[in-house]
Every structure is written in structure tokens, then in C-alpha cells.
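The values are calculated or read from the model by the stated rules, or taken from the named source; none is laboratory data. Computed from a predicted structure; not experimentally measured. Note that each Cβ is placed from the backbone with ideal geometry, even for glycine, and that neighbours are counted across all protein chains shown. Side chains included, ligands, DNA and RNA excluded: accessible areas come from the protein's heavy atoms. Shrake-Rupley method; radii C 1.70, N 1.55, O 1.52, S 1.80 Å.
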Amino acid sequence: MAARMLQGAEIATTVEDWLMRFEQALRSRDGDSLEALFHADSYWRDVLALTWHIGTVNGASTIGRELNARADRAQPRNFKIDEDRTPPRRVTRVGTEAIEAIFRFETAEGRGSGVLRLTPDAANGGTLKAWTLLTALEEIKGHEERLGRSRMQGKVYSRDFRGPNWLDVRNAAAAYAGHDPTVLVVGGGHAGLSAAARLGQLEIDTLVVDRGQRIGDNWRKRYHALVLHNQVHVNHLPYMRFPPSWPAYIPKDKLAAWFEAYVEAMEINYWPATEFEGGTYDEKAQRWTVALRRADGTSRELHPRHVVLATGVSGIANIPDIPTLRNFTGTILHSSQYGDGDAWKGKKALVIGTGNSGHDIAQDLHASGANVTLVQRSSTLIVNVEPSAQLPYALYDEGPPLEDCDLITMSMPLPLAKKSHIALTEQARELDKKLLDGLTRVGFRLDFGDDGTGWQFKYLTRGGGYYFNVGCSDLIVKGEIGLVQFSDIEGFVPEGARMRGGKTLAADLIVLATGYKGQEYLISKLFGADVAARVGPIWGFGKEQELRNMFTRTPQPGLWFIAGSFAQCRIYSKHLGLQIKACELGLIPTAQTDGSFRQPKARAANSIPQSAA
Ligand SMILES: Cc1cc2nc3c(=O)[nH]c(=O)nc-3n(C[C@H](O)[C@H](O)[C@H](O)COP(=O)(O)OP(=O)(O)OC[C@H]3O[C@@H](n4cnc5c(N)ncnc54)[C@H](O)[C@@H]3O)c2cc1C
């Protein structure tokens with residue numbers, strides 16, 4: 001029966017029927033029957049549940065083969081519609097009408113959730129087949145998170161007049177006087193906090209260190225007018241929702257204060273004003289020796305078994321090699337050194353770089369009364385912060401609760417996510433037409449991402465190259481902020497920039513909003529070139545159609561990465577935590593080895609590897 005003909009209970013029955021046939025085929029290792037349940041062009045994404053990897057395979061025969069190969073170890077079973085979650089329903093995803101169902105299941109080692117999308121197969125009388133399938137691990141059996149009814153009942157939480165009370169226990173735990181944390185998280189932004197909260201719930205002893213003087217300084221120290229770019233309901237941290245009374249766009253200092261409250265409430269061990277200076281890994285002992293420098297100048301050596309880098313992009317400033325810049329006698333700042341515009345009132349400033357930082361700093365200087373010119377080095381994607389930049393989050397307004405939206409988000413394989421973002425970018429282009437036409441008129445060079453995939457893929461592949469317009473683009477169109485192309489600058493002279501036409505653009509200040517070096521540089525600096533070479537590229541997509549080295553075991557034992565948006569970190573911090581727990585339980589090794597995650601040459605480039613760990 002075609003998907004659009006089905007109604008209410010019929011939809012559920014169809015989904016139950018598909019799940020039952022899927023389980024039967026899996027149990028009997030019947031490759032042909034498995035294959036017949038999927039469209040020729042379909043996707044299976046597994047997030048740890050059956051493979052202990054994060055990976056996607058494409059095509060019915062590959063999916064059938066890979067599922068069969070996993071079934072012995074994973075023993076997947078009890079696939080059922082999850083009655084506690086959004087019921088199966090008809091949706092349109094990437095322009096395709098489908099039945100979308102959330103289900104649950106179990107394996108030998110854990111319990112999982114999944115999302116199934118069924119569409120009719122025209123070549124087969126409209127039989128409903130799987131277009132996409134997600135299987136994701138939720139918990140490891142015997143090590144479930146202690147939430148709600150299974151919350152902690154321990155002695156330290158009860159009224160023991162002689163024993164240490166809760167605060168004594170907390171202080172002792174966070175001091176690490178006579179013991180080491182199992183996990184050291186470097187960086188206490190939302191990425192580090194999400195990871196630490198998850199690990200805490202899994203009863204893994206975790207310490208977060210951050211060089212900032214105060215929790216939340218990663219936001220507090222950003223420019224004065226900052227409010228978040230996405231709406232509040234997309235940005236929750238794990239376990240604790242922002243209050244429903246909060247504004248749609250959270251101001252930076254409010255967020256910084258929330259981080260402090262979060263650390264308290266989630267009982268996260270957190271050392272502020274602590275610089276992580278690097279470490280070495282002892283393969284035999286399977287632990288790190290790391291050096292920490294604390295605010296009082298003292299240093300501390302620790303021996304965690306795992307290091308999670310949650311250092312964001314602001315590791316090492318990228319200073320472009322512009323030889324004539326040293327002729328300039330005014331002030332030169334990298335964007336990371338820029339505080340606010342107060343000192344530049346009535347002065348002239350050049351801001352080099354047209355990403356978010358360049359635009360925000362140009363607008364801040366302009367608001368402070370400086371005369372600002374933005375210097376464009378390469379084409380840039382511009383999108384109005386509202387409504388255009390919010391389009392990818394439409395799912396979170398559809399009605400399902402946050403956890404279901406997160407699962408549905410995870411279930412979209414990369415090639416389909418790209419298609420979806422091409423459509424959203426087209427939509428944004430239409431919505432922002434007036435602004436974009438105005439920018440083109442004043443000579444601003446626009447782009448829309450590779451193959452028109454928009455800002456999200458620019459973020460996921462290069463971490464920048466776009467600006468969410470919160471007013472700076474309008475000022476450029478009106479001519480209130482000047483614009484020149486970097487290619488029109490002949491070179492820098494003591495008083496500013498000498499243009500190719502012979503004119504000099506005078507400046508007191510030059511801001512280099514030229515971004516940050518990739519994580520690879522940071523790894524090399526903190527752990528040495530060998531570790532950096534072993535780990536390879538971080539972020540961006542590899543052949544497995546997943547973000548490289550993110551949220552997953554890396555080729556370096558005990559080294560992990562977490563980064564990305566609030567939503568990404570909320571979602572994948574769970575899987576990072578589950579993998580570290582599984583390593584500690586001895587279910588999987590602590591490193592990704594070439595033979596497991598990387599595809600052997602003879603195998604399809606987009607398939608999930610055979611071995612489970
Ligand atoms: C204006 C603006 C608005 C944004 N709005 C949104 C939004 O609405 N939603 C969204 O999802 N994202 C948003 N982002 C993007 C992104 O979420 C943020 O940039 C966020 O700060 C990234 O978080 P993080 O935890 O990965 O890294 P950071 O916030 O950069 O935190 C990293 C931390 O690591 C610490 N650190 C680094 N190296 C060391 C070391 N060696 N030792 C000790 N500590 C170290 C730093 O001090 C820092 O506190 C926005 C960004 C900007 C600039």
C-alpha cells in the first residue's frame with residue numbers, strides 16, 4: 001500500500017509488520033529477505049548499537065550484508081514501536097513523503113532506539129520499503145543512567161550526623177588530592193560541559209579544566225552585544241532545560257551564568273584558571289601523563305585514562321602571512337585579542353575577514369563611533385539570522401519532544417542532509433534576496449557553499465566562511481561600513497593600506513579576523529607530531545560520511561574530541577560517554593584501529609566495516 005493511503009492505526013500496523021519481518025530476517029541471517037526490506041537506494045546509519053561505531057552504509061545489498069555481519073555479536077532483537085515516544089506518522093523529509101517511526105530494540109550489550117522511514121517502491125507494486133534506518137545505542141545493560149526512579153540513594157545523600165555531608169564529599173571529589181580522574185576534559189564550554197555531565201551520569205570520574213578565570217568566560221568575554229544565533233529551544237544542554245521564560249535568543253552573560261549553575265547542579269568537577277599544557281600516553285599502562293598549570297603558577301601532573309579535547313576552535317589564532325603588514329605603524333590585533341570598540345571612537349579601522357567575527361567586530365567598532373572598512377578576502381555566505389538561519393531547525397517546532405527531535409536529526413544520513421540543506425539554502429536565498437542584491441551592488445562577493453549546501457555544511461566542513469546577519473550587512477549596503485576587496489590592496493604602508501589605484505586607506509587599527517588554525521595544529525602542540533599524524537584530520541567529512549574523529553574513538557588510544565553546536569554536543573555527548581564507559585568495561589578497545597573503522601581498499605568506500613570494535 002502506498003504511504004499516502006495509510007491512516008492512523010494502519011500506519012502503526014505497517015511499521016510493526018516491517019519491524020517484525022526485519023527481526024525475523026536478522027535472526028535467521030537471511031540476507032535476501034533483509035535486502036528485500038530496503039530500497040535499492042537506501043541508508044542504514046548505526047550509532048554504536050550494532051557496530052560500536054558511528055557509520056552509514058548505502059544500498060540494499062550492502063545494508064543486508066553488513067547487518068548480517070553484525071548480528072552474531074550484537075544479537076539485535078525485540079524491535080517494537082516505542083509507545084512512549086512520538087507515534088509513527090507521515091512526514092515530508094527532503095521533499096519525499098514517508099512514514100517515519102521511532103522504535104526501540106535491544107542487543108546483547110545494550111538497549112537502543114531507532115528511526116525507520118518507509119516509502120513505497122513503485123517498481124514493486126508500491127510495497128513499503130525502508131528508505132532510511134537509524135539504530136542508536138541508548139544505554140549499556142547493567143550500567144543504565146541513574147535517573148528518575150533509579151536515582152542515587154547513597155549514604156552520603158542521607159542524614160548521617162557523623163559522616164561527611166554532600167558538600168564535603170563534593171569538595172573532596174573535586175580536589176583530586178590522592179587520586180586521578182578517569183577522564184580529563186579540556187575546555188569547559190558547552191562541548192566540555194555536555195561531555196562531563198554525561199560521563200558523570202555514567203559514574204565515570206571526570207574533571208574539567210579550563211584556562212578561563214571563571215566558568216562561562218568563553219561567552220562572557222565575547223563582544224558586548226552578543227546574543228546566541230539559534231533559538232533557545234534548540235540549544236538546551238543535556239539533562240537541564242533552559243527555563244521556559246527565557247528569551248528566544250540567550251544573551252551571552254545569561255548563558256555564562258547558566259554554565260555556572262549547570263556545573264553546580266550537575267556536580268561537575270571543574271577547575272577554572274587551569275591551562276592544559278599537553279601530555280604523553282603510556283601504551284603499557286594505558287593512561288596519560290598530563291601537565292596542568294593553575295592560576296597561582298603551580299603545576300599539577302595527572303594520570304587520566306582518557307583525555308577529551310573540548311577546546312572549540314579558539315585554539316591557535318590563524319595569522320595570515322602578509323609581508324607588508326609589518327610596515328603598518330598602527331595597532332594590529334587578531335580577532336581573539338579584540339575586546340570592545342571604546343578605545344577606537346573617532347578612529348579609523350580596517351577589519352580583514354568577512355566571517356562572523358569580522359562582521360561582528362566591524363559592527364561593534366562602528367557602534368563605538370569608529371570609521372570602519374571591512375576587507376573581503378574570499379567569497380562569503382550571508383544569511384539573515386531570522387528567519388533564514390533558523391530554517392534548519394524547523395523540526396524542533398514540529399511538535400515532538402526534544403529527545404525525539406534529536407533522534408530524528410541523527411537519523412538523517414549525510415547525502416540526504418546535503419540535499420535538504422541545498423533546498424533550505426535556496427529558500428534562504430529567496431527570503432534574503434533584497435539584502436543579497438544590495439550586497440552584490442556594493443561589490444560584496446557572495447557564495448552559497450559547495451554545491452549550494454549553505455552555511456551548515458560550511459560549518460561542518462571548514463568551521464566558518466559565513467555570516468549570520470545581525471545588522472552588519474545592512475550597514476555595508478547603506479555604506480555606513482566601507483568595503484574593499486583584499487585583492488585591490490597593493491600592500492600596507494605606515495598609515496594604512498595602499499590601494500592598487502594609488503589611494504591610501506588610512507587606519508589606526510587593523511583587526512585580523514582571519515580565524516583559527518585547525519585542531520591538527522593544536523594536537524601537534526599539545527601531544528607532539530606523532531600523535532597528530534596518528535589521529536589525522538579532525539572535523540570535516542571523511543569517506544565514512546561522518547565527521548572525522550568527532551565523538552568517537554580515534555586512532556590514538558584514550559584521545560577523544562567533542563565540538564560543534566549546542567544541539568550536536570547535546571546529542572553526541574551521550575555516545576561519547578557510552579563509548580568511554582564501554583572502554584572502561586572492557587567491551588571495546590580504547591582506540592579506533594585501521595582495520596576496524598577505516599575501510600579496507602577492496603571494500604565499498606561507504607560501508608560500515610566488518611569488525612565490531
Ligand atoms: C556570536 C556567536 C553566536 C553563536 N550562537 C550559537 C547558537 O545559537 N547555537 C549554537 O549551537 N552555537 C552557536 N555558536 C557557535 C558555538 O556554539 C560557539 O562558538 C561555542 O562557544 C563553541 O563551544 P565549545 O564548547 O566547542 O568551545 P568554546 O566555547 O570555545 O570553549 C572552549 C574552551 O576551551 C578552553 N581551552 C582551550 N584550550 C585550552 C587549554 N589548553 N587549557 C585549558 N582550557 C582551554 C577555552 O578557554 C574555552 O573556554 C555561536 C558562536 C558565536 C561566536
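Worth a mention:
- For segment 21-69, a residue qualifies if it is in a loop (DSSP other than H, G, I, E, B) and not hydroxyl-bearing (S, T, Y), and the qualifying residues are R29, D30, L37, L48, A49, L50, W52, H53, G59.
- Positions within segment 290-336 being touching a Ser or Thr at 6+ places or on another chain (Cβ under 8 Å), surrounded by fewer than 17 Cβ atoms within 10 Å (Cβ to Cβ), among the aliphatic types (A, V, I, L, M) and closer than 30 Å to Q592 by Cα, in sequence order: A291, A317
- Count of segment 70-105 residues which are part of a strand (DSSP E or B), of a type in the set (D, E, K, R) and over 27 Å from the mean Cα position of the chain (by Cα): 5
- Test: residue in segment 209-224 that is open to solvent by less than 10 Å² (accessible area, probe 1.4 Å), touching a Ser or Thr at 6+ places or on another chain (Cβ under 9 Å) and either closer than 18 Å to H575 by Cα or of a type in the set (K, R) (or both): no
- Failed condition for E301, given (1) within 16 Å of the ligand (Cβ to nearest atom); (2) in contact with a Phe, Trp or Tyr (Cβ under 8 Å, 6 or more places away or on another chain); (3) in a strand (DSSP E or B): (2)
- Hey, R170 more than 8 Å from the ligand (Cβ to nearest atom), among the charged types (D, E, K, R), within 21 Å of G558 (Cβ to Cβ) and not in a loop (DSSP other than H, G, I, E, B) or not: no
- Within segment 261-289, considering residues that are open to solvent by 50 Å² or more (accessible area, probe 1.4 Å), of a type outside the set (A, V, I, L, M) and closer than 23 Å to M152 by Cα, the one nearest to the ligand (Cβ to nearest atom): E264
- Consider segment 174-231 and keep the residues that are touching a Pro at 6+ places or on another chain (Cβ under 8 Å), more than 12 Å from the ligand (Cβ to nearest atom) and charged (D, E, K, R). The one that is nearest to I140 (Cα to Cα) is R198.
- With respect to the stated conditions, G542 fails to be on the phi > 0 side of the Ramachandran plot, away from the ligand (no atom under 15 Å from the Cβ) and of a type in the set (G, A, S).
- Unique residue being aliphatic (A, V, I, L, M) and on the phi > 0 side of the Ramachandran plot when the list is A273, A261: A273
- Test: residue in segment 309-322 that is under 24 Å from the mean Cα position of the chain (by Cα) and in a strand (DSSP E or B): yes
- Segment 552-591 - residue that is open to solvent by less than 10 Å² (accessible area, probe 1.4 Å) and aromatic (F, W, Y) and, of those, nearest to V234 (Cα to Cα): F561
- Residue within segment 453-463 that is assigned to a strand (DSSP E or B) and buried (at least 21 other Cβ atoms within 10 Å of the Cβ) present: no
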